[in-house]
Amino acid sequence: MTGRCGRWAMGMSDARQGDRAWVLHRRPYRNTSLIVEFLTASGGRLAAVARSGRRQPHLQPFRPLTVFVSGRAELRSLKNAEPEGAAIPLRGEALYCGLYLNELLVRMLHRDDPQPGLAGCYEEALQRLADDDWPRDLVLRQFEQSLLQMLGYGLSLEHDVHGQPLQPGQDYRLVPDEGLVAAANGRYAGRDLLALAAGDWQQADIRRLARDLMREALAPHLGDRPLISRQLFRQGAAHKQAGDES
Amino acid sequence: MKQSPLVQALIDAFTCLPGVGARSAQRMAYHLLERNREGGVALAHSLEAAMSGVEHCQRCRNFAEASLCPVCADERRDHALVCVVESPADVLAIELSGEYRGRYFVLMGHLSPIDGVGPDEIGLDRLANQLHDGEVQEVILATGTTVEGEATAHYIHEMAVANGAAVSRIAQGVPMGGELEFVDGVTLAHALKGRQPVKN
């Protein structure tokens with residue numbers, strides 16, 4: 001039983017009631033145990049001690065699980081974790097993208113704050129990352145947008161903070177957590193923002209704008225430390241370039 | 001009840017060990033003081049000597065007392081062949097197999113963005129220099145089979161290819177002498193995917 005979005009299961013963490021979950025992060029604890037951060041379908045992010053967890057190869061990111069946890073404290077105890085099918089096959093750059101999603105979630109989510117729908121959204125993003133037909137930046141941007149929306153920091157691309165429709169000829173700047181404000185010499189051109197809102201993903205500069213806009217919108221929620229997974233992309237791309245040149 | 005200051009300081013010092021809490025630390029301290037003073041003194045000397053004398057090998061980052069570790073200093077080994085592993089314990093395990101005549105590069109960890117561990121934290125800038133200088137012709141990726149281990153392997157793979165080095169990944173599958181029914185599903189699926197034609 002997964003109880004993905006059922007209201008009756010929200011925030012519950014009863015050992016009898018399994019919950020669909022994804023491993024976001026694991027760190028060693030004692031000799032063979034792990035402290036695992038999960039994203040669960042009905043309880044949001046939660047942390048649990050997995051006894052002998054280092055001997056359980058399925059306790060890995062990107063693999064759907066049904067978890068049974070007990071306890072009410074911030075650190076739960078993992079009773080059982082059953083794999084629900086194969087791991088999502090993320091390779092190469094898609095794997096970096098998956099690690100980026102996990103880093104984003106661990107930085108943005110508070111523990112035990114149920115976010116109905118988020119786990120489903122995460123799963124969909126992972127599936128698309130594994131599918132080469134989806135442009136990876138598009139998948140990431142859609143996930144970032146949904147995440148902000150769900151956490152209550154949704155960003156309108158059609159109206160400015162005063163509820164006025166965006167004008168193609170006007171420049172805008174972003175006030176984090178509030179929205180777009182008309183500003184002379186703002187960083188974002190209204191025309192490009194409208195193209196983005198209309199789902200125009202063909203042009204490289206619109207995609208770059210989407211990346212910059214999301215980065216600025218996420219920044220206040222990520223703390224001072226830079227996201228390490230972003231370094232992987234940047235340096236990975238540099239290697240590729242060096243390889244092409246040589 | 002309060003401990004005498006020296007005893008308390010010893011207990012506090014033991015809690016720096018991984019997996020050792022106040023209770024275990026107290027037990028260790030009492031044991032050494034009551035039953036094994038010689039062992040305690042020897043421990044103190046070894047700790048002192050190791051903490052000031054052990055550094056990282058300048059070539060492979062493994063623990064070393066000189067600028068190069070014994071493996072890197074060994075002229076008979078193939079220095080153009082580099083096996084990348086996560087920890088000194090992995091080096092020991094591969095050395096015990098007796099099959100390998102190249103040298104190593106020890107990451108002392110793996111890429112783990114959430115823990116703040118990026119490429120530079122595991123010495124990949126240094127490996128990049130070695131690849132760039134042409135010191136390394138072939139890289140064997142022997143990082144863990146965890147998600148982080150795979151990400152690390154992919155990163156090094158890209159780096160090596162960009163510098164024209166050959167790259168291989170150690171095989172993953174059923175352990176020797178193991179029975180299939182006790183092998184977990186993940187490993188078995190991987191072993192099936194990576195099956196090889198039988199050679200006569």
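The values are calculated or read from the model by the stated rules, or taken from the named source; none is laboratory data. These numbers come from a predicted model, not from an experiment. For neighbour counting, all protein chains shown are included, and Cβ atoms are generated from backbone atoms with ideal geometry for every residue, glycine included. With ligands, DNA and RNA removed, areas are computed over all heavy atoms of the protein, side chains included. Shrake-Rupley method; radii C 1.70, N 1.55, O 1.52, S 1.80 Å.
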In the range A:234-246, which residues are surrounded by fewer than 16 Cβ atoms within 10 Å (Cβ to Cβ) and either in a helix (DSSP H, G or I) or touching a Ser or Thr at 6+ places or on another chain (Cβ under 7 Å) (or both)? A:Arg234, A:Ala237, A:Ala238, A:Lys240, A:Gln241, A:Gly243, A:Asp244, A:Glu245
If I ask for residues that are open to solvent by less than 70 Å² (accessible area, probe 1.4 Å) and within 14 Å of another protein chain (Cβ to nearest Cβ), which ones from the range B:90-120 would you list? B:Gly109, B:His110, B:Leu111, B:Ser112, B:Pro113, B:Ile114, B:Gly116, B:Val117, B:Gly118, B:Pro119
Mind listing whichever residues of the range B:68-77 are in contact with a strand residue (DSSP E or B) (Cβ under 8 Å, 6 or more places away or on another chain) and open to solvent by 40 Å² or more (accessible area, probe 1.4 Å)? B:Pro70
So for the range B:148-166 (the condition being open to solvent by less than 50 Å² (accessible area, probe 1.4 Å), more than 13 Å from chain A (Cβ to nearest Cβ) and out of contact with any strand residue (DSSP E or B) (no Cβ under 7 Å at 6 or more places or on another chain)), does at least one residue qualify? no
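Before we move on, is A:Gln203 exposed (fewer than 13 other Cβ atoms within 10 Å of the Cβ) and either in contact (Cβ under 8 Å) with a residue 12 or more places away in the chain or closer than 30 Å to A:Gly92 by Cβ (or both)? Show your work before the answer.
Working: exposed (fewer than 13 other Cβ atoms within 10 Å of the Cβ): yes; either in contact (Cβ under 8 Å) with a residue 12 or more places away in the chain or closer than 30 Å to A:Gly92 by Cβ (or both): yes.
For A:Gln203, the condition - exposed (fewer than 13 other Cβ atoms within 10 Å of the Cβ) and either in contact (Cβ under 8 Å) with a residue 12 or more places away in the chain or closer than 30 Å to A:Gly92 by Cβ (or both) - is met.
A quick yes/no check of all residues on (1) open to solvent by less than 20 Å² (accessible area, probe 1.4 Å); (2) of a type outside the set (A, V, I, L, M, F, W, C):
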residue	(1), (2)
A:Glu103	yes, yes
A:Asp112	no, yes
A:Leu118	yes, no
A:Arg128	no, yes
A:Asp133	no, yes
A:Asp137	no, yes
A:Leu140	yes, no
If we ask which residues in the range B:144-180 are farther than 22 Å from B:Ala89 by Cβ and polar (S, T, N, Q), their number turns out to be 1
Condition met for A:Leu213 (at pLDDT 90 or above, within 23 Å of the chain's Cα centre (by Cα) and within 25 Å of A:Phe233 (Cα to Cα)): yes
Any residue that is outside any helix (DSSP H, G or I) and within 20 Å of A:Arg107 (Cβ to Cβ) - is there at least one of those in the range A:187-196? no
Return the residue satisfying two criteria in turn: it lies in the range A:151-171 and is in contact with a helix residue (DSSP H, G or I) (Cβ under 6 Å, 6 or more places away or on another chain) and buried (at least 17 other Cβ atoms within 10 Å of the Cβ), and of such residues it is farthest from A:Leu101 (Cα to Cα). A:Gln170
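Check whether at least one residue in the range A:77-86 is among the aliphatic types (A, V, I, L, M), touching a residue at least 60 places away in the same chain (Cβ under 8 Å) and either more than 8 Å from chain B (Cβ to nearest Cβ) or buried (at least 20 other Cβ atoms within 10 Å of the Cβ) (or both), and report yes or no. Working first, answer last.
Start the filter on the range A:77-86 by keeping residues that are among the aliphatic types (A, V, I, L, M), which leaves A:78, A:81, A:86.
This time we only want the ones that are touching a residue at least 60 places away in the same chain (Cβ under 8 Å), so: A:81.
Narrowing further to those that are either more than 8 Å from chain B (Cβ to nearest Cβ) or buried (at least 20 other Cβ atoms within 10 Å of the Cβ) (or both): A:81.
Yes, the conditions are met somewhere in the range A:77-86.
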Could you tell me how many of the residues in the range B:175-198 are aliphatic (A, V, I, L, M), within 14 Å of another protein chain (Cβ to nearest Cβ) and not in a helix (DSSP H, G or I)? 1
Of B:Ala80, B:Ala142, B:Ala128, which residue is within 13 Å of another protein chain (Cβ to nearest Cβ) and open to solvent by less than 40 Å² (accessible area, probe 1.4 Å)? B:Ala128
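Going by what's in this entry, would B:Gly123 be described as at positive phi and either more than 14 Å from chain A (Cβ to nearest Cβ) or out of contact with any helix residue (DSSP H, G or I) (no Cβ under 9 Å at 6 or more places or on another chain) (or both)?
In short, yes.
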Working carefully through the options B:Val20, B:Val7, B:Val54, B:Val41, find the one that is of a type outside the set (Lys, Arg) and in contact with an Asp or Glu (Cβ under 8 Å, 6 or more places away or on another chain). B:Val54
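Here is a yes/no grid of residues against (1) within 14 Å of chain B (Cβ to nearest Cβ); (2) over 26 Å from A:Leu105 (Cα atoms); (3) in a helix (DSSP H, G or I):
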position: A:Trp134; (1), (2), (3): no, no, no
position: A:Leu157; (1), (2), (3): no, no, no
position: A:Pro168; (1), (2), (3): no, yes, no
position: A:Asp177; (1), (2), (3): no, no, no
position: A:Ala184; (1), (2), (3): no, yes, no
position: A:Asp212; (1), (2), (3): no, no, yes
position: A:Arg225; (1), (2), (3): yes, no, no
position: A:Ser229; (1), (2), (3): yes, no, yes
Return the pair list, or none, for Cβ contacts closer than 7 Å from residues in the range A:143-159 that are free of Cβ contacts under 8 Å to residues at least 12 places away in the same chain to residues that are open to solvent by less than 40 Å² (accessible area, probe 1.4 Å) and in a helix (DSSP H, G or I), at least 6 apart or on different chains. A:Gly154/A:Leu148
Need a quick list: helices (runs of 4 or more DSSP H) entirely within the range B:18-74 having at least 2 residues that are more than 30 Å from B:Ile140 (Cβ to Cβ). B:22-35, B:37-53
Within the range A:194-240, tally of residues that are over 20 Å from B:Ala151 (Cβ atoms) and of a type in the set (S, T, N, Q): 2
